[in-house]
1. GNM, the chain, Cα, under 10 Å: largest mean-square fluctuation among A106, A47, A17?
2. Where is the GNM fluctuation largest for the chain (alpha-carbon springs, 10 angstrom cutoff): R40, R109, R21?
3. Take D93, D10 and order them by how many other Cβ atoms sit within 10 Å, fewest up front.
4. Relative contact order (percent) for the chain, with alpha-carbon contacts under 8 angstrom and 6 or more residues of separation?
5. With +1 on each Lys and Arg Cβ and -1 on each Asp and Glu Cβ, how big is the dipole of the chain about its Cα centre, in debye rounded to the nearest 20?
6. Using only Cα atoms and rounding to the nearest 10 degrees, what angle (0 to 90) does helix 11-21 make with the longest principal axis of the chain?
7. Using only helices, what value at 222 nm comes out for the chain when you add -39,500 (n - 2.57) per DSSP H run of length 4 or more and divide by the total residues, to the nearest 500 deg cm²/dmol?
8. Return the label of the correct value of Cα extents along the principal axes in Å, as calculated from the structure shown, out of (1) 66, 26, 26; (2) 79, 28, 22; (3) 44, 37, 28.
Amino acid sequence: MWTSSESKGDLGEFIVAELNRRGLRFPRPSESSRLPATWRMWTIKLAGNRSGLVMSAKGSPFENVESFLFTIISPFRTQRPFSKDNDFSFWFDLQGTEGTFKRNGAYLRVSLIKHGFSLVIVQRGPELHIGFSETASASPEQLKGRPLA
């Protein structure tokens, strides 16, 4: 396990850079959407020879981070048959990579099913706990009949 010293900067820019590093091409955040924060990071090992990056961040309220991610992801929303998509739970397609966005006011999850990746943000007191993790990729056959969002 690797641990960082405390870092300071724009949390939104860091999140987008981390998503882009994993092969997703989200647009660069605008200057008006800055999320100043300080954070520490840890790399963790997950089952099945997978890894993850965990962060503890302070300085930007959950609501601002949630709004930021909604703003950069919602332009890629797609409508699926029989889906009950809304502003709290929806499907999106980013350059052929399908994913889900789900939030409830204290928890946010972005999952990219076939890409095998999840981003989870949880409010815990004055801190945000942020996790970037590889997940087991699923085939379309494995996903049949499972509600994902």
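1. A47
2. R21
3. Details: D93 12, D10 17.
If I rank by nearby Cβ atoms, fewest first, I get D93, D10.
4. Working: 266 pairs, mean separation 27.8, N = 149.
Rounded, it is 19 percent for the chain.
5. On the way: 20 positive and 14 negative charges, 71 e Å.
Using only the charged Cβ atoms, the result is roughly 340 debye.
6. 50
7. Working: 3 runs with 27 residues, N = 149.
-5000 deg cm²/dmol, from helical runs alone.
8. Working out Cα extents along the principal axes in Å from the coordinates points to (3).
Each reported figure results from applying straightforward, stated rules to the coordinates on display, with no laboratory input. Quick caveat: nothing in here was measured; it's all calculated off a predicted structure. When we count neighbours, we look across all protein chains shown, and the Cβ atoms used for this are built from the backbone with ideal geometry, even at glycine.
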